[in-house]
Amino acid sequence: MALIVQKYGGTSVANTERMKAVAERVVATAKEGNKVIVVVSAMAGETDKFVALAHQITDSPDEREMDLLLSSGERITSALTAMAIQKLGYSSMSFTGRQVGIMTDSSHTKALIENIEASRLKTALDENKIPVVAGFQGINEFSDVTTLGRGGSDTTAVAIAAALKADICEIYTDVEGVYTADPRIVPDARKMESISYDEMLEMASLGSKVLHGRSVEFAKKYNVHLVVRSSFNNAPGTLVTKEDRCMEKTVITGVAHDKNQVRLTIMSVPDRPGIAATIFNAIAGANINVDMIVQNISSHDQSTDISFTVSKADGKKAFDITRKVSEELGTKGVNMNAEVAKVSIVGVGMQSHFGVAAKMFETLAKKGINIMMISTSEIKISCIVDVKQTEEAVKVLHDVFELAKG
Ligand code: ASP
Ligand code: MG
């Protein structure tokens, strides 16, 4: 008997018919002799609707109130899915994040899980009930509801799988797994059989939305066997797992892109110690994640430009803060460019191959695609390009690194 956590995303529970189909799959897994814990997202589009409602009232909704609002979509699907399982003659119980003891910090709308006190889940399993947990939410030390960031139900599922040492965590979605590039852009993108945790972490943070980045961090840390597969068919999906030698033979595993980027440039910043710290402390103080940072060497007047990127959602907040700090520092001003995208290549194999970066830059150059910023890690190279050239860049890189179907 295995303990299996199954997470169903928004399209998998988009309506009651889909919820009934999910219940069938859950029950089939239970019939095979497994213990199952179900984690659900909100119905597709529901969370966006809540965001829109809040914005009908105010431009800057209070984040504590936002979290209570956003968490409600998952409560609805958890109760309905539990009913659908009961209808099939199986005992089931829905739970909110609070009820299963998902404790987080207090960074509303992007809270981090600190601990899971899963006693109610264990009891339910012991009593042969199938628990259905509302994903994406927890509570902080004041018992206020928090949410884990958009797409965060994946993280609920993996964290529960880690806490209960589940044998496998299946993430059900509307695609068959992790692809070498977004199949909507590259029609001959290939579904991967497996991908390493580190590559998946990069792919997730680089804009491949198939898994929430934090969920992969959890999976890696606690060695959770993670499978991404479709709830619309029985294809085997993609296994996210430890790196193995074979993976190194391929130079590049995938191409990711992210249009959810804004570039900010501070012009003529005085070139002296402590300036970067002042700027980025102010931004960190507002809970904003900075992605790429580029600082030029100083010019003859002892000043330099600093560019960095943040997510679109944080763009305005980051712009306001940066403008304020740069006035204090006496720079020549800040400009914001929202017409950018990040295009990245990922692969553990690039550690053992030469010339990968050169090949990427040359390929983009041949297509007349200008690179505005570059950042690298051991297993990825990212370029900021004009958003209008995103699709072309993804296609040409997928081609040149020969990622297409066999
Ligand atoms: N419903 C939330 C969202 O749309 C969380 C999730 O689906 O994972 O972001
Ligand atoms: Mg998702």
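The values are calculated or read from the model by the stated rules, or taken from the named source; none is laboratory data. Values in this document were obtained by computation on a predicted structure and should not be read as measured data. Backbone-built Cβ (ideal geometry, glycine too); neighbour counts: all protein chains shown. These accessible areas exclude ligands, DNA and RNA; they are computed on the full protein's heavy atoms, side chains included. Shrake-Rupley method; radii C 1.70, N 1.55, O 1.52, S 1.80 Å.
Which one of these is modelled with pLDDT under 95, over 22 Å from residue 374 (Cβ atoms) and in contact with a strand residue (DSSP E or B) (Cβ under 9 Å, 6 or more places away or on another chain): 292, 247?
From the options 292, 247, the qualifying one is 247.
Filter the range 50-87 for residues that are among the polar types (S, T, N, Q) and within 16 Å of ligand 1 (Cβ to nearest atom); which is surrounded by the fewest Cβ atoms within 10 Å (Cβ to Cβ)?
Only one residue fits best here, namely 72.
Can you tell which of 181, 235, 189 is surrounded by fewer than 17 Cβ atoms within 10 Å (Cβ to Cβ) and assigned to a loop (DSSP other than H, G, I, E, B)?
One residue alone meets the criteria, 235.
Has the range 6-13 got any residue that is within 16 Å of ligand 2 (Cβ to nearest atom) and either of a type in the set (Phe, Trp, Tyr) or in contact with a Leu (Cβ under 6 Å, 6 or more places away or on another chain) (or both)?
yes
Inside the range 380-392, can you point out the residues that are touching a residue at least 60 places away in the same chain (Cβ under 8 Å) and either closer than 22 Å to residue 307 by Cα or not in a helix (DSSP H, G or I) (or both)?
380, 382, 384, 387, 390
Conditions first: (1) under 21 Å from residue 391 (Cβ atoms); (2) at pLDDT 95 or above. Residue 308 passes all but one, so which condition is the exception?
Here residue 308 meets the rest and fails (1).
Inside the range 195-227, can you point out the residues that are within 16 Å of ligand 1 (Cβ to nearest atom), out of contact with any His (no Cβ under 6 Å at 6 or more places or on another chain) and of a type outside the set (Ser, Thr, Tyr)?
The answer is 204, 209, 210, 211, 212, 213, 214, 216, 217, 218, 219, 226.
If the Cβ limit is 6 Å and pairs must be 6+ apart or interchain, which residue in the range 37-52 that is under 14 Å from residue 137 (Cα atoms) pairs with which residue that is of a type in the set (Asp, Glu) and within 8 Å of ligand 1 (Cβ to nearest atom)?
So the pair list comes out as 42/74.
When both residues are 6+ apart or on different chains and their Cβ atoms are under 7 Å apart, which pairs have a first residue that lies in the range 136-151 and is in a loop (DSSP other than H, G, I, E, B), and a second that is acidic (Asp, Glu) and more than 9 Å from ligand 1 (Cβ to nearest atom)?
Note: pairs meeting the criteria are 140/105.
Are any residues in the range 19-49 within 15 Å of ligand 1 (Cβ to nearest atom) and buried (at least 17 other Cβ atoms within 10 Å of the Cβ), and if so, which ones?
Passing the criteria: 19, 22, 38, 39, 40, 41, 42, 43, 44, 46, 47.
Can you find even one residue in the range 152-162 that is crowded, with 21+ Cβ neighbours inside 10 Å, within 15 Å of the chain's Cα centre (by Cα), assigned to a strand (DSSP E or B) and within 16 Å of ligand 2 (Cβ to nearest atom)?
Looking for residues that are crowded, with 21+ Cβ neighbours inside 10 Å, within 15 Å of the chain's Cα centre (by Cα), assigned to a strand (DSSP E or B) and within 16 Å of ligand 2 (Cβ to nearest atom), one finds none in the range 152-162, hence no.
Residues being more than 24 Å from the chain's Cα centre (by Cα), on the phi > 0 side of the Ramachandran plot and open to solvent by 40 Å² or more (accessible area, probe 1.4 Å): count how many of those fall in the range 266-309.
Final tally of qualifying residues: 2.
Could you list all residues from the range 132-156 that are farther than 17 Å from residue 44 by Cβ, touching a strand residue (DSSP E or B) at 6+ places or on another chain (Cβ under 9 Å) and among the hydrophobic types (A, V, I, L, M, F, W, C)?
Within the range 132-156, 132, 133, 139, 145, 148 meet the criteria.
How many residues are of a type outside the set (A, V, I, L, M, F, W, C), crowded, with 24+ Cβ neighbours inside 10 Å and under 16 Å from the mean Cα position of the chain (by Cα) if we restrict to the range 131-151?
3
Filter the range 205-232 for residues that are open to solvent by less than 30 Å² (accessible area, probe 1.4 Å) and either hydroxyl-bearing (Ser, Thr, Tyr) or in a strand (DSSP E or B) (or both); which is farthest from residue 26 (Cα to Cα)?
The extreme case among them is 208.
If you take the residues of the range 74-94 that are part of a helix (DSSP H, G or I) and touching a residue at least 60 places away in the same chain (Cβ under 8 Å), which of them is farthest from ligand 2 (Cβ to nearest atom)?
Within the range 74-94, the match that is farthest from ligand 2 (Cβ to nearest atom) is 87.
What number of residues within the range 163-178 are under 20 Å from residue 115 (Cα atoms) and open to solvent by less than 10 Å² (accessible area, probe 1.4 Å)?
Number satisfying all stated conditions: 1.
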